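The values are calculated or read from the model by the stated rules, or taken from the named source; none is laboratory data. Just so we're clear, the structure is a prediction, and the values are computed from it rather than from any experiment. With ideal geometry, Cβ positions are generated from the backbone for all residues, glycine too; neighbour counts draw on all protein chains shown.
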Amino acid sequence: MRSSTFILKNLARENVLESLARRYPDCEISAQRCFLALLGVAGGIMDAIESQLARRRTSQGRIRVLLELQQAPGQALAAGELADRLMVTPATITGLLDGLERECRIRRQRRREDRRGVTVCLTKRGNKFLDEVMPERFRCNSRLMAKLSPGDRRALVRLLETVARGLDGFARI
């Protein structure tokens, strides 16, 4: 598994944080410790997910497309709606769909009412692929959270939701 390459990962050493706090008054050490711990865990999780999916020669983007289709009525959606749901550009969704179509996991169909529009359908092969990949993913997720009690898990979700509400302000930095 490759290691996370975020530039701030080594700042968590206490002496480094204390030195930075002396130089930069806005460096609140407890906030930085929290942020760096969260960043480290998130980076480790993303690395593990990417490694697992790479072994299956797929990506998070492709899995997200397949899951959206699997949950859609009739397991089909317009390509534009897929792009909107995944919050990606039309070019990105086209690339994802091209790869999934080559693998016979999705099928594109021209819409009768609008020949410019394309409906994307999940194939049996796509469903089978998800049925192979997702249980493994869920087992890994459960193992990661196994040391937390149900109460700790609820508390962690509440705390992360609180942090998430601050992301708008964070993005403007």
Leu82 within 19 Å of Gly126 (Cα to Cα) and either in contact with a strand residue (DSSP E or B) (Cβ under 8 Å, 6 or more places away or on another chain) or modelled with pLDDT under 90 (or both)
yes
With criteria (1) assigned to a helix (DSSP H, G or I); (2) in the same structural domain as Arg125 (by TED's automatic domain parsing), Val88 comes up short on (1)
Here the residues within segment 51-72 that are basic (Lys, Arg) and closer than 12 Å to Leu86 by Cβ are Arg62, Arg64
Picked from segment 133-157 (must be of a type in the set (D, E, K, R) and surrounded by 10 or more Cβ atoms within 10 Å (Cβ to Cβ)), the residue farthest from Asp84 (Cα to Cα) is Asp152
(request) Kindly indicate whether any position in segment 125-144 is over 17 Å from Ala78 (Cβ atoms) and in a loop (DSSP other than H, G, I, E, B). (result) no
All conditions in (1) within 17 Å of Arg107 (Cα to Cα); (2) in a loop (DSSP other than H, G, I, E, B) are true of Arg57 except (1)
